[in-house]
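The values are calculated or read from the model by the stated rules, or taken from the named source; none is laboratory data. Computed from a predicted structure; not experimentally measured. Because the Cβ atoms are built from the backbone with ideal geometry, glycine has one as well, and the counts that use them run over all protein chains shown.
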Amino acid sequence: MENFVPVFESKVKKLHEKVVEELSVPKKERNKKRLKKMLKELKSLKKTIRSAKKVKTCPHCGFPLWDDEPSSDADTEAVPS
């Protein structure tokens, strides 16, 4: 699963942009079902990324899998009320 972290991070970034776009629409015109589904998926992906990043080195060779820099896009919450 560790190999898919960059893919998940790019999907989180795209979903975050879509959520922001949906929230820019007037409140009465928002697609609430779609928004809830996107937020649920976003939360799930962030949880997956956090659990995958707990493994910092390759179990076979011990080489670091990625930098220790936290991704600012994956850690921000996009849930303004």
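Here are some notes:
- Among residues of region 27-42 being basic (Lys, Arg) and within 20 Å of residue 10 (Cα to Cα), the one that is farthest from the chain's Cα centre (by Cα) is 34.
- Of all residues in region 51-76, those satisfying the criterion of being at pLDDT 75 or above and surrounded by 12 or more Cβ atoms within 10 Å (Cβ to Cβ) are 52, 53.
- For the residues 79, 12, the requirement of being modelled with pLDDT of 75 or more and hydrophobic (A, V, I, L, M, F, W, C) singles out 12.
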